[in-house]
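The values are calculated or read from the model by the stated rules, or taken from the named source; none is laboratory data. Please read all numbers here as calculations on a predicted model, not as lab measurements. Because the Cβ atoms are built from the backbone with ideal geometry, glycine has one as well, and the counts that use them run over all protein chains shown. Just so you know, the surface numbers come from the protein's heavy atoms only, side chains and all, with ligands and any DNA or RNA stripped out. Shrake-Rupley method; radii C 1.70, N 1.55, O 1.52, S 1.80 Å.
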Amino acid sequence: MGFVVKCCSLLVLLAAVFLGFVFLYEGTMFRLLPQDDVPGLMNLLNSFKADNSAAKTVEDYDKKFNSVPDVSMVNDYYNMATDFYEYGWGQSFHFYTQRKGESHEEAIVRHEKNMVDTLGITAGMNVLDAGCGVGGPARTVARLSGAKVLGVTINDYQVMRARNHTERAGLSHLVEFKQGDYNKLDFIADASFDRAYASESTCHAVNLEGPYGQIFRVLKPGGLFFSYEWLATKHADRKNPEHARILRDIEYGDGLPPLRTLEEALAAAKNVGFELVKEEDLAEVVPKGGKPWYDRLDMGWLQHKLTHVMCWVMELLGLAPVVRGHRAGGGRQDQDLHAHACAAVPQARCCRACCSCEGCHLFPSSSCCCCCCEAGSCAGCFERRCQARYRSEKVGSMISIPFAK
């Protein structure tokens, strides 16, 4: 009996040491305390408890998304998401491909250096960052090139965060930020910039001609514009219920209007006067031995379940706001998913809410135990790693598009 008690005590001690490392060590994702002015979990939870408007912001966003997406919807989204982005991703709100042995931070910088090299940005140039977030790419561009960068974002809170980060980095002499709508850059004179870029930001525009047209106007003759753009691939079919649901989930989860195709993006650029220089589908570019752009979204089974449980507990305890029908722990959404899945494969006998092969990609949070992929049999469970891969290969894509004026 004494041996069992000692073993249990040792396990408790080891668990305490492990949890202390996970939550307190500054290098871990789950740190409780802030690190270099980046929020910790305690900051995120306190913001929900202290700010009674959090739930209302979520509800406002939900209403706007389900009616007519607009600029205020995007502003609501980033009021909710900015701290979480910084906490879990960093100061550069964009994806990247990852080379073998390359860290998250190194891949981010390489991705941004690609913009500098492609645009030929050099010291003394004036550069516009349209939709700058908290300024991660702007600071990298300035640091690598010596150019002066103006970042514009619709969100006041992001402007405050961007200025604070820039001052701490000692780059305030090169980088500045303004609150504004990139659809209406009235505070910027014509032909003011040598170069411009948008790093996964114009995807929030209801109409691409809006930001593209304003960027064309403020560029000098012969100027270049580079866009990392979120687009639907050629495989996406909104008439297909499963594709439509995937697209809508991406759009809802990222504050987006309906995703456009590459052809629509190129047509918008041409309509405002740009000439295409080059385009590349980064969803198809995977460095040898490296990782695709969606790898950090590709959660394993345990990660997914822990995230699901953590969200449910936070909502249950009132630490996170809840919108009716969107509680992580279940409710109307899960019931709808189960009903849709059972309708997709009615002959399956895996469990009460079985999924089709593609349905499994769509419903990773449902209670189905496996995918019925071969004649309605339990051929294997794809819940662990398919959602992000399916989205990237079949529906969602990221495109690099430099344009010339």
Q. Looking at (1) surrounded by fewer than 14 Cβ atoms within 10 Å (Cβ to Cβ); (2) assigned to a helix (DSSP H, G or I), can you tell me which one residue 252 breaks?
A. (1)
**Q.** Scope the range 285-326; condition of a type in the set (A, V, I, L, M, F, W, C), at pLDDT 70 or above and either within 16 Å of residue 58 (Cα to Cα) or not in a loop (DSSP other than H, G, I, E, B) (or both); matching residues
**A.** 297, 301, 302, 306, 309, 310, 311, 312, 313, 314, 316
(Q) Name the single residue that is most open to solvent (accessible area, probe 1.4 Å) among those in the range 76-134 being assigned to a helix (DSSP H, G or I) and either of a type in the set (S, T, N, Q) or at positive phi (or both). (A) 79
Q) Between a first residue in the range 55-80 that is closer than 13 Å to residue 251 by Cβ and free of Cβ contacts under 8 Å to residues at least 24 places away in the same chain and a second residue that is in a helix (DSSP H, G or I) and open to solvent by less than 60 Å² (accessible area, probe 1.4 Å), which pairs have beta carbons less than 7 Å apart while being 6 or more apart in sequence or on different chains? A) 64/72; 64/73; 64/76
Q.
Exactly one of these conditions fails for residue 157: (1) at pLDDT 95 or above; (2) touching a Phe, Trp or Tyr at 6+ places or on another chain (Cβ under 9 Å). Give me its number.
A. (1)
(Q) If a residue must be exposed (fewer than 13 other Cβ atoms within 10 Å of the Cβ) and touching a strand residue (DSSP E or B) at 6+ places or on another chain (Cβ under 8 Å), how many such residues does the range 159-190 contain? (A) 1
Q. How about the range 202-213: which of its residues are in contact with an Asp or Glu (Cβ under 9 Å, 6 or more places away or on another chain) and open to solvent by 10 Å² or more (accessible area, probe 1.4 Å)?
A. 204, 206, 210
